[in-house]
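The values are calculated or read from the model by the stated rules, or taken from the named source; none is laboratory data. In this text the structure is predicted, and so the values were computed from the model without any measurement. Here the Cβ positions follow ideal geometry from the backbone for every residue, glycine too, while neighbour counts run over all protein chains shown. Please note that ligands, DNA and RNA were not included when accessible areas were found on the heavy atoms of the full protein model with its side chains. Shrake-Rupley method; radii C 1.70, N 1.55, O 1.52, S 1.80 Å.
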Amino acid sequence: RIEKHDCPYMSDRTLTLLLATGATFACASLVARVRSRAARRLTMSGAAEPAVRWALDDDARTAASADQAHILAQAWGSDPEIGVFGGTLCAVPFVRTTTDGLVMHGSLAYCNGGGLREGSPRPGVCLVHTAVGPQDLYLRWRAHALATRGYVVLIADLLGDPHGDGWEPAWCGPRREVYTGEGRPLLQRRTREALQQLAESPLVDASRLALVGWCFGGRA
């Protein structure tokens with residue numbers, strides 16, 4: 001029996017879609033990994049690790065469809081790099097407000113154990129989302145993979161999207177439009193602010209930062 005608390009990687013909505021489409025193999029793969037490591041979850045400071053939670057909204061939409069969620073969850077669950085990693089994942093909501101008032105609903109991820117160096121700041125990587133925003137299973141998968149390599153990873157939010165509304169064109173279109181044409185400096189400024197917010201985390205070595213983007217994020 002698969003319970004919600006066994007699949008902290010996924011929102012309630014995504015888990016429901018996966019089970020409805022029979023994607024139990026992908027879920028079971030994640031469940032086994034979570035259960036096997038539950039007893040040794042430690043933060044970089046040695047304290048008890050909070051549950052993996054990518055967003056404040058546990059029901060945030062994270063894929064275009066049930067089929068896409070199925071494919072991404074299977075790929076994530078069978079990722080060989082993540083599979084051989086012997087440590088644990090920590091992911092927490094990372095909510096910050098820009099100087100111009102945009103509330104950015106990002107996610108911060110890092111790993112413990114697995115031979116990673118503990119107790120000192122790590123290099124940071126800021127991932128900038130595609131046109132559909134930050135609530136995206138693919139980005140969470142990529143963040144997890146990078147975290148196993150010893151990076152602290154921020155999934156940035158340049159749309160102000162806590163619920164996964166970016167998957168709806170009518171919602172995300174106007175929010176992306178402000179970044180086109182004369183709005184390009186706004187895009188660059190908010191991207192820099194996201195990177196700076198990552199740099200200010202006590203987990204991060206601010207002298208070692210990288211910025212990665214896909215599609216819309218590449219423009220940023």
Amide H contacts of V204 (H built 1.01 Å from N, under 5 Å, at least 5 apart or other chain): R122
Rounded to one decimal in nm, the spacing of the 7 Å Cα→Cβ label points at R149 and D100 is 3.2 nm
Rounded to whole Hz and in sequence order, give me ³J(HN,Hα) for the range 186-191 from the Karplus expression 6.51 cos²θ - 1.76 cosθ + 1.60, θ = phi - 60°, writing x for Gly and Pro. 5, 4, 5, 5, 5, 5
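If you take every residue apart from A210 with its C-beta less than 13 Å away from the C-beta of A210, what net charge results, scoring Lys and Arg +1 and Asp and Glu -1? Present the calculation step by step, with values, prior to reporting the outcome.
Details: positive: R122, R142, R149, R208; negative: D205.
Result for the neighbourhood of A210: +3.
May I ask you to give the solvent-accessible area per residue for the range 81-220, in square angstrom, as obtained with a 1.4 angstrom probe?
Dividing the accessible area of the range 81-220 by its residue count gives 41 Å².
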Going by amide H atoms built from the backbone, whose H comes under 5 Å of the H on R149, apart from near neighbours? none
Under Karplus coefficients 6.51, -1.76 and 1.60, residue-wise ³J(HN,Hα) of the range 65-80 in Hz, glycine/proline x: 7, 4, 5, 5, 4, 4, 4, 5, 5, 5, 5, 4, x, 10, 4, x
Using a cut-off of 13 Å between beta-carbons, work out the net charge of the residues near S201 (Lys and Arg +1, Asp and Glu -1, S201 not included). +1
Net charge around V132, counting only other residues with Cβ within less than 12 Å of its Cβ (Lys, Arg = +1; Asp, Glu = -1)? -2
Given axes a ≥ b ≥ c from the Cα gyration tensor, I'd like to know whether the range 124-220 is rounded (a/c under 1.5), prolate (a/b larger than b/c) or oblate. oblate
Segment Q74-A210, length gained on full extension (0.36 nm per residue, minus Cα span): 46.2 nm
Carbon and sulfur atoms account, in whole percent of the 1.4 Å probe accessible area of the range 103-197, for 53 percent
Can you pull the semi-axes for the range 47-103, root of five times each eigenvalue of the Cα gyration tensor, sorted largest first, whole Å? 26, 20, 10
With each pseudo-label sitting 7 Å past Cα toward Cβ, what's the S65-R192 distance in nm, one decimal? 4.1 nm
